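Trainee: Here you go, one structure.
The values are calculated or read from the model by the stated rules, or taken from the named source; none is laboratory data. A quick note: this is a predicted structure, and the numbers were derived from the prediction, not measured. Glycine gets a Cβ as well: all are built from the backbone with ideal geometry, and neighbour counts include every protein chain shown. Surface areas here come from the heavy atoms of the whole protein model, side chains and all, with no ligands, DNA or RNA. Shrake-Rupley method; radii C 1.70, N 1.55, O 1.52, S 1.80 Å.
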Amino acid sequence: MKEQNDFIQVNFELPNHTNQLTQAEEIINKLKRKIESYNHIPLSDNAFIILYDDIIKILDYIGNLSNPAFNVQEDLEELYRKRYVHAPELAKQLWLSHYEKIHHPYNILKNRCFRLLDNLDELYLRLYKKYPPNWKI
């Protein structure tokens, strides 16, 4: 990945969500510990649904926090296309790297939420040898 110094310096006035993301990370860690605790105690369908819903809620919260970052995509792409008009492949590589850098803190936590959902499903499958209540077949 490119270093931030390689990127075009631009201020999109994106909100600083450091505190909110830190709080979200703490919630994710608590949810992870809850899931791990069910390796030692029974996991009812009701407890499964509550955990599932809690993970979805924090995933939705992080997704909503990241919305302003999505709004800069076209402007950022245009800046790089104009700056590197004679090197379109470089422009594309740089704007995609820059765009990824903007989304990185959100993506890390969203991916952790998806991993929790997978872990929860795997736990249920392992314990009960059947599909979890959130699966519709």
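Trainee: Keeping every protein chain present and rolling a 1.4 Å probe, give me the accessible area per residue for segment 1-101 in Å².
Mentor: I get 68 Å² per residue for segment 1-101.
Trainee: Each label point is 7 Å from the Cα along the Cα-to-Cβ direction; what then is the distance between the points at PHE114 and LYS30, in nm?
Mentor: 2.5 nm
Trainee: While we're looking at this one, here's another question. What is the percent carbon and sulfur in the accessible area of the chain, measuring with a 1.4 Å probe over the protein chains and ignoring ligands?
Mentor: Accessible surface attributable to carbon and sulfur in the chain totals 49 percent.
Trainee: Still on this structure: Can you count the Lys pairs in the chain with C-alpha separation below 16 Å, eight or more apart or on different chains?
Mentor: 11
Trainee: Averaging sequence separations of C-alpha pairs under 8 Å and six or more residues apart, then dividing by the length of the chain, give the relative contact order as a whole percent.
Mentor: Relative contact order of the chain: 36 percent.
Trainee: Through the Karplus equation 6.51 cos²θ - 1.76 cosθ + 1.60, θ set to phi - 60°, convert the phi angles of segment 93-106 into ³J(HN,Hα) values in whole Hz; use x for Gly and Pro.
Mentor: Values per residue, Gly and Pro as x: 4, 5, 5, 5, 5, 5, 4, 4, 4, 5, 7, 3, x, 6 Hz.
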